[in-house]
Amino acid sequence: MPDDTLSPSPVDLVPVSRPQPEMEGDYRPASLSHIDPVHAAINARIEAADFVYLMRLTEALNTTLDLRTLLNRTGELIRAAIPYRIFAIFLLDEASQELRMRFQIGHTREAERIRIKVGQGIVGRVAAHRQAVLLNNVHDPDNPETAHYIPASPTVQAELTVPLINKNKVIGVLDIESEQAGFFRVEHLHILEMTASRIAQAIQNARLYSRVTRQAETLTVLHEIATELTSILELDPLLERIGLLLRRLIDYQMFTIMLLDKSGRRLVTRYSWRFGQASTPKRVIPIDTGLVGTAVREWRVINVPDVRKDPRYHLVNPETRSELVVPLFYKNRVIGVLDLEHTRCNYFQERHQNTLTTLAAQIAIAIENARLYQQVLRHEQQLERDISMAREVQLRLLPPSVPVHTNGEFAARFLAARSIGGDLYDFVSYDQNTTAIIVGDVSGKAAPAALFAALVSGIMRSAATQKPSPAQLLTLLNDALQERKLESQYVTMLFCLWNDQDRSLTVANAGGVPPIFCRDGKVTTLNAEGFPLGMFPDAQYEEFTITTQPGDAFVFVSDGITDAESPAGEMYGSDRLTSVLCGHRALPAEEIADIIFTDVARFQGGKDRFDDETILVLRVR
């Protein structure tokens, strides 16, 4: 650093233009052979001081890639060489072509918020003309450069401004002001120029590092957002979460999600966030109105730096200055828009636009998934109501009670594998002493089986009014189902007649599980053969009659009982059924039915039932 005693007198330079060195920022004094020994010594001291300063500067700049730290260190180093009180580093916003104060010492808050256009004021002219300016009297009427001076502070008397140039591109300006006229000297300019050439490169490195870091963080956040959004299937919580997650990427002040209504002609606000407060105003905007409507009609992003200058802007928030609208696309159609607003002009940059465009596709998918989920949920709720009603109807089709006879005691149990089932059972009175016992099993499960079971039950009851024998009734029922034939639908049915007067049981079977009865500890299976109903035309069914004795116990079941599986895959089978029946034949019919049901459930060990389960018990008194 040159000693003050060796410094030339203060001068005014307007503007300053120096010969370009071989390398940007290098300072090389004239050859010592052309000057006298005194000046040679002075130049040598200057060169040594320059070298020390540049070493300190390079060391300070190379130890950080954080822009704020870099600017702070730059200010400290320059202050050690030039005892300033007012200092600022302006950086250029390429989009708006404005210089913004990114670091300052001694300026007021009002001055810090000033945006200077390139070419405006001393700072703007230095950026425009790429030449330093030294004014030792900013109020000198004889100096034409003072006409461009912007009085940020009334106490300022002198100003020194140097451009920041990197790769032949102006990126900002270094500016020092003094409250003392004639304060700046040529060596101050020299120091600032040396500093500027190196700080410009360091700033670009810090910006590049910041950009890469920000991009990496953005990608991480985008991944997190995409993952989280796919897990939210309710629309309102999803929209609220979108608003919160976006704030991790863009520091907006107002945000709205608008979705197209069914007509596709109006945008309806579904979520809104304004200055820290979330709300959902019921605002509707036709798509031929405002910037949001333009984004929908033209299928493109709308980025307006100053809405006051755009005639398309539809005033909603008076504070808004800049607005970014991104359409939401799903399967080649627009479903809505993301609308971001800010109170500062030129706030939304290309990186904001790119980030939001990338995320918009995922948001659109998440919104449609939530909509589809809600639609499916509504359908499921309606289906549940329909199934509940169908189950109520099915239960009402089953007999409300078992018949009461002197010599025969009955019990019935039914459990559907699903909400509604395809099993059916019934008791039909032929006369005072005769009751028909019916156990049927429709092919399939759930609603289709239940509907077919209702059809079969109606036809069967209609045919039973003629009081046919069991074999005759099965033939009538088979013929009726052939007339109403449904593809892949059939029913197995066991039809028996209990005559309470003579204690006889007549049995006919259309593919059902044969009835089992136990007498004196011995088991007999009543085998009667016949095709399932509705499967083949002109089917014939056999029947036979058995005379019972007091103490006999009969069980009629659907195949959901015998085919029930344990967790190991073993079937319950007829042997277990007969063992339980014979082991408890002396008990009332109700208790026998309960014991069989409990034993089947125990055997299944909590495994889901795959078929409907029906049990009818007849015990001869």
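Considered as a group, the residues in region 565-593 that are under 50 Å from the mean Cα position of the chain (by Cα) and buried (at least 17 other Cβ atoms within 10 Å of the Cβ) include one that is nearest to residue 515 (Cα to Cα), and that residue is 572. Within region 162-197, being free of Cβ contacts under 8 Å to residues at least 60 places away in the same chain and surrounded by fewer than 18 Cβ atoms within 10 Å (Cβ to Cβ) holds for 167, 168, 169, 180, 181. Restricting region 198-210 to residues that are in contact (Cβ under 8 Å) with a residue 12 or more places away in the chain and out of contact with any strand residue (DSSP E or B) (no Cβ under 7 Å at 6 or more places or on another chain) leaves a set whose member that is surrounded by the most Cβ atoms within 10 Å (Cβ to Cβ) is 202.
The set of residues in region 387-421 that are loosely packed, with under 13 Cβ neighbours inside 10 Å and farther than 30 Å from residue 618 by Cβ comprises 388, 389.
Considering 521, 511, the condition of being closer than 28 Å to residue 479 by Cα and small (Gly, Ala, Ser) is satisfied by 511 alone.
Scanning region 473-510 for residues that are part of a strand (DSSP E or B) and either surrounded by fewer than 19 Cβ atoms within 10 Å (Cβ to Cβ) or of a type in the set (Ser, Thr, Tyr) (or both) gives 492, 504, 506.
The single condition from (1) over 22 Å from residue 73 (Cβ atoms); (2) touching a residue at least 24 places away in the same chain (Cβ under 8 Å) that residue 138 fails is (2). Regarding region 264-279, can at least one residue be identified that is without any contact (Cβ under 8 Å) to a residue 60 or more places away in the chain and either of a type in the set (Val, Ile, Thr) or not assigned by TED's automatic domain parsing to the domain that holds residue 366 (or both)? Yes, region 264-279 contains at least one residue that is without any contact (Cβ under 8 Å) to a residue 60 or more places away in the chain and either of a type in the set (Val, Ile, Thr) or not assigned by TED's automatic domain parsing to the domain that holds residue 366 (or both).
Quick grid of which residues meet (1) surrounded by 17 or more Cβ atoms within 10 Å (Cβ to Cβ); (2) closer than 19 Å to residue 239 by Cβ:
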| site | (1), (2) |
| --- | --- |
| 351 | no, no |
| 360 | yes, yes |
| 366 | yes, yes |
| 371 | no, yes |
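Residues checked against (1) assigned to a strand (DSSP E or B); (2) within 22 Å of residue 395 (Cα to Cα); (3) aliphatic (A, V, I, L, M):
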residue: 514; (1), (2), (3): no, no, no
residue: 531; (1), (2), (3): no, no, no
residue: 555; (1), (2), (3): yes, yes, yes
residue: 598; (1), (2), (3): no, yes, no
residue: 601; (1), (2), (3): no, yes, yes
residue: 618; (1), (2), (3): yes, yes, yes
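Considering region 95-136, the qualifying strands (runs of 3 or more DSSP E), each wholly inside and each with 2 or more residues that are within 22 Å of residue 306 (Cβ to Cβ), run over 98-105, 115-117.
Please enumerate the residues belonging to region 89-101 that are touching a residue at least 60 places away in the same chain (Cβ under 8 Å) and surrounded by fewer than 16 Cβ atoms within 10 Å (Cβ to Cβ). Those that are touching a residue at least 60 places away in the same chain (Cβ under 8 Å) and surrounded by fewer than 16 Cβ atoms within 10 Å (Cβ to Cβ): 93, 95. The residue of region 225-241 that is surrounded by the most Cβ atoms within 10 Å (Cβ to Cβ), among those that are farther than 13 Å from residue 370 by Cα and touching a residue at least 60 places away in the same chain (Cβ under 8 Å), is 225. Residues that are of a type in the set (Val, Ile, Thr), touching a residue at least 40 places away in the same chain (Cβ under 8 Å) and under 23 Å from residue 364 (Cβ atoms) within region 292-334 comprise 292, 296, 301, 334, listed in sequence order.
The values are calculated or read from the model by the stated rules, or taken from the named source; none is laboratory data. Note that this is a predicted model, so its numbers are computed, not measured. Cβ coordinates were reconstructed from backbone atoms using ideal geometry, including for glycine residues, and neighbour counts include every protein chain displayed.
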